[in-house]
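Below is one structure, written out as structure tokens; comments come after it.
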Amino acid sequence: MSSPPAAAARYASPLAQELAADVLERFLRYVRIDTQAVEGSSTYPSSAKQLDLSRLLLSELRDLGLEDAELTEHGYVFATLPGVVERPLVGLIAHVDTTPEVAGGEVTPIVHRAYAGGPIVLPGDEREVLEPGELPELAARVGHDIVTSDGTTLLGADDKAGVAEIMAAVAYLLRHPELARAPVRVAFTVDEEVGHGTDHFDLERFGADFAYTLDGSGIGELELETFSAYQVRVTFHGVAVHPGSAKGRLVNALKLASKLIGSLPPDRLSPETTEGREGYVHPSRLRGTAAEAVVTFIVRDHDDTKLEEHVALIRQLADLVVADEPRARVSVEVQETYRNMRQVLDRHPDVVAAAEEAIRRAGVEPKRTIIRGGTDGARLSERGLPTPNLFTGGQDYHSLREWASVQDMAAAAASVVELARVWAERSPAGALAPD
């Protein structure tokens, strides 16, 4: 067998190379659509503009021939790709929204072809530079095609890379009816970034026996464990008085909130001081006035006992803030966001093993890992739908320096194709031999 050309060697497999152009074209189209979620919104989805991408995906799925494609009353897109067997029905899920934490409108994607190494200066803001010395994943991708924004917004690979990969894989499977495949149920969700991606997700309507989210990062990663997470809102009630006559009367709630934040441990329990399975207490938002101020915390840990200890710490520190000021009041509201999905996935090793086999067939060595965060799959697993998380090839999420490798995205799409084939072979309807 002759050696592949040098350009092809950048791809994990011939299938990945074949899928790359379609994945990139779709990705560039999707990231230009503003789908930023809104924290604290009273609507669902939290921003109507998310539906702009949902409607486009609905149209594209119908154009591919998936006649049952629908946009639900809550903004989810569902569709079915028939297979050569009836079961199992494999779910594939990605979310259309992007984080509200970083500017996300009017994204200008840039493709840096055949990355030669060295810093990548983003032209929209030359202070934003991707330094390979600080980003080992980038340094390892010399020769890849790298996609970034122009530096004034995030890119949106979280999770439009996953959306593009699912769409490209479905299109490929439809173009190749000769390939044995299990039936696939596609879902594109909204509001994942604000913790509400599955609030109205109808498992019976979706109908899958198990599912996979494409919402991970580095190539080959198969994420089987998440944090358990709470959102904690601490509200300080002060005493508002006109500042011109405030002496001895004003109790400034903003200062009380700032005192709480300043009392957090400086060298532990924060995202910037922890790694691996270490949990954290993260003040993510502060809003208010002198009369009332609210601090919103993200509280996470892989150990549920420690998670409760983190909440207790917040309560203790908040009480200390108002202990010397009897005119002030404080209240603490705790809301569960999701639970560690590992305890569910441990009961479904076949779902994990099939993903590993699919990733290998796509030319990549799978790597079991944990998520220092959560996915739609955490909530869905808790509700009875085992849902591991697969890589997408995106990197440095929630950042102006977010980037993605086209070759890695293509490998993710190839893994989706192989996943449908693996489950056809494993179908209880009759073990089908691989082609």
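Observations
- Residues (among the small types (Gly, Ala, Ser), crowded, with 21+ Cβ neighbours inside 10 Å and over 30 Å from GLY377 (Cα atoms)) located in region 227-263: GLY238, ALA253, ALA257
- Check on GLU333, out of contact with any Gly (no Cβ under 8 Å at 6 or more places or on another chain) and either at pLDDT 95 or above or on the phi > 0 side of the Ramachandran plot (or both): yes
- Take the conditions (1) touching a Phe, Trp or Tyr at 6+ places or on another chain (Cβ under 9 Å); (2) part of a loop (DSSP other than H, G, I, E, B); (3) open to solvent by less than 10 Å² (accessible area, probe 1.4 Å); THR153 misses just one of them, which is (1).
- On the stretch given as region 423-435, residues that are open to solvent by less than 10 Å² (accessible area, probe 1.4 Å) and modelled with pLDDT under 95 total 1.
- Residue check for LEU58: in contact with a Leu (Cβ under 8 Å, 6 or more places away or on another chain) and farther than 14 Å from VAL163 by Cβ: no
- Those strands (runs of 3 or more DSSP E) of region 1-116 in which at least 3 residues are closer than 30 Å to SER427 by Cβ and either among the acidic types (Asp, Glu) or out of contact with any Cys (no Cβ under 9 Å at 6 or more places or on another chain) (or both), considering only elements entirely within it, cover 77-81, 90-95.
- If you check ALA378, ALA420, ALA414 for being at pLDDT below 95 and over 28 Å from ARG127 (Cβ atoms), only one passes: ALA378.
- Residues of region 386-419 that are open to solvent by 10 Å² or more (accessible area, probe 1.4 Å) and part of a loop (DSSP other than H, G, I, E, B): ASP396, TYR397, HIS398, SER399, LEU400, ARG401.
- Number of positions in region 251-267 that are modelled with pLDDT under 95 and either basic (Lys, Arg) or under 18 Å from HIS237 (Cβ atoms) (or both): 1
- Residue count, region 43-73 (criterion: among the polar types (S, T, N, Q) and free of Cβ contacts under 8 Å to residues at least 12 places away in the same chain): 2
This table checks each residue for (1) of a type in the set (A, V, I, L, M); (2) at pLDDT 95 or above.
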| position | (1), (2) |
| --- | --- |
| GLY288 | no, yes |
| VAL295 | yes, yes |
| ASP303 | no, no |
| HIS310 | no, yes |
| LEU313 | yes, yes |
| ASP319 | no, yes |
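- Residues of region 353-367 include at least one that is closer than 29 Å to LEU28 by Cα, charged (D, E, K, R), in a strand (DSSP E or B) and open to solvent by 60 Å² or more (accessible area, probe 1.4 Å).
- Enumeration of residues in region 57-97 that are open to solvent by less than 20 Å² (accessible area, probe 1.4 Å) and either in contact with a His (Cβ under 7 Å, 6 or more places away or on another chain) or under 15 Å from ASP376 (Cβ atoms) (or both): THR72, GLY75, TYR76, VAL77, PHE78, GLY91, LEU92, ILE93, ALA94, HIS95, VAL96, ASP97
- Only one entry of VAL147, VAL142, VAL170, VAL163 meets the criterion of being part of a strand (DSSP E or B), modelled with pLDDT of 95 or more and among the β-branched types (Val, Ile, Thr), and that entry is VAL147.
- For beta carbons closer than 7 Å, sequence separation of 6+ or different chains, a first residue in region 316-338 that is closer than 30 Å to GLU382 by Cβ and a second that is basic (Lys, Arg), the qualifying pairs are VAL332/ARG315; GLU333/ARG233; TYR338/ARG379.
- Residues in region 206-249 that are farther than 30 Å from ALA169 by Cα, among the charged types (D, E, K, R) and not in a loop (DSSP other than H, G, I, E, B): ARG233 alone.
- Selection status of ASP301, of a type in the set (Asp, Glu), surrounded by 15 or more Cβ atoms within 10 Å (Cβ to Cβ) and under 22 Å from the mean Cα position of the chain (by Cα): yes
The values are calculated or read from the model by the stated rules, or taken from the named source; none is laboratory data. Here the structure is a predicted model, which means the values were calculated and not measured. Please note: Cβ atoms are built from the backbone with ideal geometry, for glycine as well, and neighbour counts cover all protein chains shown. For the accessible areas, the whole protein counts, side chains as well, though only heavy atoms, and no ligand, DNA or RNA atoms are used. Shrake-Rupley method; radii C 1.70, N 1.55, O 1.52, S 1.80 Å.
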